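A.B. asks: The structure follows.
The values are calculated or read from the model by the stated rules, or taken from the named source; none is laboratory data. As the structure is a computational prediction, the values presented were derived from the model and not from experiment. Backbone-built Cβ (ideal geometry, glycine too); neighbour counts: all protein chains shown.
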Amino acid sequence: MAKKKRYFIYRILRTIITAFGVTLIAFLILHLTPGDPVKIMLGPYATEENVAALRAKYKLDQPLHIQYISWIGNVIKGDLGTSIRYDQPVSELIASRAGPTLVLTGSGLLIAVVFGVLLGVMAALKRNSILDYFSTFQAMFWISIPAFWLGILFLYIFGLKLRLVPIGGMVGITSLILPALTLGLRQEAWFARPMRAEMLEVLNQDYIKTAKAKGLKYGYVIWKHALRNALIPIITMLALRLPWIIGGSVVVEVVFSWGGLGSLLVNSVLARDYPVVQSILLLIAILVVLANLAADLLYAVIDPRIRTEG
């Protein structure tokens, strides 16, 4: 029990340190990148007095370390600051854009898991068959295509040529189809291949052979015994793939003009809107480290030996 407690405390402390490290790196990169948010907003003909006044308003005239400490202090209090570009509280901007992003990432993750698990299971059950070869081919195909190129291809074929779905924006449930497929199919391959490998390993276990020897129905053995045990590593992989899905959603949102956090992040980077960019990156960093923490803890529950290693 003591080792388990120490393991969990160690992982949580490492998560906190990682989150603060990410915020510091993001803060420095943003402020060292060429471009002045005040001059971008006011335009090239702004007077020095107006520029100085706006800098003072957003505390951009302070030293970097003071700005960072002040920002962290406000974040701890729940204040993410005010957007330089939109002149709105950052928390309100993020709240208004979080819904579309959650819908997109959730739909993409659902497609990835469902298609990945089904294809992986069928490929294992039909080993060295056409279905198995197809599963391998499609996995390599989706992985090799960049998300932005796949999104543009889908838009051209299904939106522009066939006119089956809207070309962009959020104008109903049909607008979600192509972005979700673009995001989900690229991630599906990362579930299909491991699922096939795990299923093949489980099918060769003695308890599966014993269940078959007892005369249990083949379908019952597969879905009740084999699949349940093969899914254990896949569950932990959900946490590990979540950061990639979040990162992919940024590209997908831009391609499909999806009004979520991804498009807000890109527009804020171009405008050097520091408070918005820092807050979104902090949110993503927290989600990533929490996902990795969940994976670590889940692995520890599944395999107690992990708690005593490292």
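A.B. asks: Checking residue 115 against (1) closer than 25 Å to residue 265 by Cβ; (2) under 24 Å from the mean Cα position of the chain (by Cα); (3) aromatic (Phe, Trp, Tyr), which single condition isn't satisfied?
C.D. replies: (1)
A.B. asks: Taking residue 163 as meeting all but one of (1) surrounded by 14 or more Cβ atoms within 10 Å (Cβ to Cβ); (2) over 30 Å from residue 230 (Cα atoms); (3) basic (Lys, Arg), write down the number of the exception.
C.D. replies: (1)
A.B. asks: Now, a different point. Could you please find all residues in region 83-103 being part of a loop (DSSP other than H, G, I, E, B) and either in contact with a Pro (Cβ under 9 Å, 6 or more places away or on another chain) or among the acidic types (Asp, Glu) (or both)? Break it down stepwise before answering.
C.D. replies: Keep residues of region 83-103 that are part of a loop (DSSP other than H, G, I, E, B), which gives 83-88.
Residues satisfying the conditions are 83, 84, 85, 87.
A.B. asks: If you don't mind, there's one more thing I want to ask. Which count do you get for residues in region 149-174 that are at pLDDT 90 or above and either touching a Pro at 6+ places or on another chain (Cβ under 7 Å) or aromatic (Phe, Trp, Tyr) (or both)?
C.D. replies: 4
A.B. asks: Restrict the check to region 93-108 and report whether at least one residue is assigned by TED's automatic domain parsing to the domain that holds residue 176 and closer than 17 Å to residue 198 by Cβ.
C.D. replies: no
A.B. asks: Looking at region 236-246, is at least one residue free of Cβ contacts under 8 Å to residues at least 12 places away in the same chain and either under 27 Å from residue 169 (Cα atoms) or surrounded by fewer than 19 Cβ atoms within 10 Å (Cβ to Cβ) (or both)?
C.D. replies: No, region 236-246 contains no residue that is free of Cβ contacts under 8 Å to residues at least 12 places away in the same chain and either under 27 Å from residue 169 (Cα atoms) or surrounded by fewer than 19 Cβ atoms within 10 Å (Cβ to Cβ) (or both).
A.B. asks: Further question on the same structure: Any residue in region 290-307 that is aliphatic (A, V, I, L, M), at pLDDT below 85, surrounded by fewer than 16 Cβ atoms within 10 Å (Cβ to Cβ) and closer than 26 Å to residue 69 by Cβ?
C.D. replies: Within region 290-307 (the criterion being aliphatic (A, V, I, L, M), at pLDDT below 85, surrounded by fewer than 16 Cβ atoms within 10 Å (Cβ to Cβ) and closer than 26 Å to residue 69 by Cβ), the answer is yes, since at least one residue qualifies.
A.B. asks: Pairs, please: C-beta under 9 Å, at least 6 apart or cross-chain, first residue buried (at least 19 other Cβ atoms within 10 Å of the Cβ) and in region 68-96, second among the aromatic types (Phe, Trp, Tyr) and part of a helix (DSSP H, G or I)?
C.D. replies: 71/27; 71/274; 80/71; 81/71; 81/274; 84/274
A.B. asks: Right, here's the next one. Right, residue 113: assigned by TED's automatic domain parsing to the domain that holds residue 248 and either surrounded by 18 or more Cβ atoms within 10 Å (Cβ to Cβ) or in contact (Cβ under 8 Å) with a residue 24 or more places away in the chain (or both) or not?
C.D. replies: Yes: the conditions hold for residue 113.
A.B. asks: Quick one: how many residues across region 125-178 are part of a loop (DSSP other than H, G, I, E, B) and either more than 19 Å from the chain's Cα centre (by Cα) or more than 24 Å from residue 113 (Cα to Cα) (or both)?
C.D. replies: Quick first cut of region 125-178, residues part of a loop (DSSP other than H, G, I, E, B) only: 126-129, 145-146, 162-173.
Among the residues that remain, those that are also either more than 19 Å from the chain's Cα centre (by Cα) or more than 24 Å from residue 113 (Cα to Cα) (or both) are: 126-129, 162-173.
Total meeting the criteria: 16.
A.B. asks: Ok, one more. So, of the residues in region 179-206 that are under 30 Å from residue 258 (Cα atoms) and among the small types (Gly, Ala, Ser), which turns out to be farthest from the chain's Cα centre (by Cα)?
C.D. replies: Among residues in region 179-206 that are under 30 Å from residue 258 (Cα atoms) and among the small types (Gly, Ala, Ser), the one farthest from the chain's Cα centre (by Cα) is 192.
A.B. asks: Would you confirm whether or not region 182-199 contains a residue that is β-branched (Val, Ile, Thr) and not in a helix (DSSP H, G or I)?
C.D. replies: Pass one, region 182-199, residues β-branched (Val, Ile, Thr): 182.
When the remaining residues are screened for being not in a helix (DSSP H, G or I), the result is none.
The answer is no, given that none of the residues of region 182-199 is β-branched (Val, Ile, Thr) and not in a helix (DSSP H, G or I).
A.B. asks: Restricting attention to region 189-218, and to residues there that are among the charged types (D, E, K, R) and in contact (Cβ under 8 Å) with a residue 24 or more places away in the chain, which single residue is surrounded by the fewest Cβ atoms within 10 Å (Cβ to Cβ)?
C.D. replies: Result: 201.
A.B. asks: Considering each of 247, 259 in turn, give the residue that is out of contact with any helix residue (DSSP H, G or I) (no Cβ under 7 Å at 6 or more places or on another chain) and small (Gly, Ala, Ser). First the steps, then the outcome.
C.D. replies: Numbers: 259 fails: out of contact with any helix residue (DSSP H, G or I) (no Cβ under 7 Å at 6 or more places or on another chain).
Of 247, 259, the one residue that is out of contact with any helix residue (DSSP H, G or I) (no Cβ under 7 Å at 6 or more places or on another chain) and small (Gly, Ala, Ser) is 247.
A.B. asks: Turning to a different aspect of this structure: Just to verify a result, which residue in region 125-139, among those that are modelled with pLDDT of 90 or more and of a type in the set (A, V, I, L, M), is surrounded by the most Cβ atoms within 10 Å (Cβ to Cβ)?
C.D. replies: Top of the filtered list is 131.
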